[in-house]
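The values are calculated or read from the model by the stated rules, or taken from the named source; none is laboratory data. In this text the structure is predicted, and so the values were computed from the model without any measurement. Cβ coordinates were reconstructed from backbone atoms using ideal geometry, including for glycine residues, and neighbour counts include every protein chain displayed. For accessibility, only protein heavy atoms count, side chains too; no ligands or nucleic acids. Shrake-Rupley method; radii C 1.70, N 1.55, O 1.52, S 1.80 Å.
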Amino acid sequence: MSPLQRYGLTEVINARGPFTPLGVSRSAEPIGRAVAAALGSYVVMEEMQDAAGRALSRLTGAEAGTVTHCVAAGITLAVAAAMTGGMPGPIAALPDTAGLPNQVVLPAGHVVNYGHSILQAIRLSGAVPVQAGTAEECRVEDIEAAFALGETACLMLVSSRLTKGAGPDVAASVAAAHRQGIPVIIDGAAQDMRIGEMLATGADLVLVSGQKYLASPTAGLVIGRRDLVRSVRAQEKGIGRGMKASKEAIAGVLAAIELREGLDLDEWRENQSERNAVFARRLDGLPGVTTATVPDPAGMPFDRVHLRIEEQAARLSAPQLAAALRSGAPPIHVMDHLADQGEVVLELVQLGEDDLDVIAERLATLLS
Ligand SMILES: *Cc1c(COP(=O)(O)O)cnc(C)c1O
């Protein structure tokens, strides 16, 4: 009996991408086996973190890497590392930041909410976030003006489809921070196929999620400068205690990295593109529906299928269609962030062909 049946849990079809309230992702079997093996063993956790660091360096070319409980934890601990370095006294004193640079500058449009506000993940370390520019626009000069307001511990940038407005040029922002000796952290939680690109901006630390597209157990991957990564690890003797990675999470991350290293990215990208095109064509004739395949706005190498709903012909508005899909059996969850503008969006990356059949049949039933 599957755990879903045993505990009376709802089986769902998740076309929203790596969405935390729906269990984020589905891991391949080798990852599950690695997790099970770790759960049955004692390990030296320091050695396991060292192995994760080596694997992350191999995968990304970065100097160093480590694993935290999740990316939200990684944000808090990266900020803590920027404030304290490896000094045991200040690490033990956090979230009291007396005597430390404690201002964290971020573009106002990068204040994302991924379940809570990123501002809270920053504040949890004791730091004080300072927003640069406005939600509509932030220029490099706005960031420099914010640096001048206090003692800045780091610049935080977010690479995500959730950011708003015209953000500053990333490499230019990094250069401006470095001119003042300020380290830069990029939260690229759902951008794990762009780690190289994010590191190439000169950023000191890049944070990506293990459980999103890498499909490992829940884990935050912290990648970049050796001294800062070491300081992130040192937080485990402080506020990082409650944010530590488990042995099973690290084992799953190591297995997921090996699977990623074996992936032919060009072939993967072509497959995704083909699947999206085929699925879009399949839905194209439905009453009131026009389809388009649209690339990830933040630059991950895949498309999503957008359904533009013409309410008269469909006899349902886009928000009504999203709600109807969700209230069927099994519930089908789609992205509804553009529903007010007449579109529902489907992400197919983690879906099987059987899931796509169910979605296509449900749409045909609801719309005809
Ligand atoms: C998902 C996400 C997070 C949070 O990641 P967790 O690993 O769930 O803590 C942070 N920032 C962005 C941009 C995200 O998309």
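Observations on the model:
- Restricting segment 105-125 to residues that are away from the ligand (no atom under 11 Å from the Cβ) and open to solvent by less than 10 Å² (accessible area, probe 1.4 Å) leaves a set whose member that is farthest from V174 (Cα to Cα) is S125.
- Residue match in segment 185-194 (condition: under 14 Å from Q103 (Cβ atoms) and either open to solvent by less than 40 Å² (accessible area, probe 1.4 Å) or at pLDDT below 95 (or both)): yes
- Within segment 239-252, the residues that satisfy the criterion of being within 20 Å of L205 (Cα to Cα) and in contact with a helix residue (DSSP H, G or I) (Cβ under 7 Å, 6 or more places away or on another chain) are I239, G240, M243, K244, I250.
- Test result for A255, modelled with pLDDT of 95 or more, away from the ligand (no atom under 14 Å from the Cβ), farther than 23 Å from D50 by Cα and small (G, A, S): no
- L9, sole failed condition from (1) among the hydrophobic types (A, V, I, L, M, F, W, C); (2) surrounded by fewer than 23 Cβ atoms within 10 Å (Cβ to Cβ); (3) closer than 24 Å to T163 by Cβ: (3)
- Residue within segment 195-212 that is under 26 Å from V174 (Cβ atoms), open to solvent by 40 Å² or more (accessible area, probe 1.4 Å) and not charged (D, E, K, R) present: yes
- Single residue of L265, L346 found to be out of contact with any helix residue (DSSP H, G or I) (no Cβ under 6 Å at 6 or more places or on another chain), of a type outside the set (K, R), open to solvent by 20 Å² or more (accessible area, probe 1.4 Å) and in contact (Cβ under 8 Å) with a residue 40 or more places away in the chain: L265
- Selection within segment 229-253 - buried (at least 18 other Cβ atoms within 10 Å of the Cβ) and either closer than 17 Å to G89 by Cα or not assigned by TED's automatic domain parsing to the domain that holds M87 (or both): S231, V232, R233, A234, Q235, E236, G238, I239, G240
- When segment 56-72 is filtered for residues that are within 10 Å of the ligand (Cβ to nearest atom) and open to solvent by 10 Å² or more (accessible area, probe 1.4 Å), the ones remaining, listed by number, are H69, C70, V71, A72.
- For segment 291-328, residues that are within 20 Å of Q272 (Cα to Cα) and in contact with a Leu (Cβ under 8 Å, 6 or more places away or on another chain) total 6.
Every residue, every condition in (1) closer than 19 Å to L157 by Cβ; (2) more than 16 Å from the ligand (Cβ to nearest atom); (3) of a type outside the set (G, A, S), yes or no:
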site	(1), (2), (3)
V206	yes, no, yes
K237	no, yes, yes
G240	no, no, no
M243	no, no, yes
A251	no, yes, no
R269	no, yes, yes
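- Per-region count, segment 19-62, residues free of Cβ contacts under 8 Å to residues at least 24 places away in the same chain and basic (K, R): 1
- Note on segment 303-340: residues that are touching a Lys or Arg at 6+ places or on another chain (Cβ under 7 Å) and either surrounded by fewer than 19 Cβ atoms within 10 Å (Cβ to Cβ) or in a loop (DSSP other than H, G, I, E, B) (or both) total 1.
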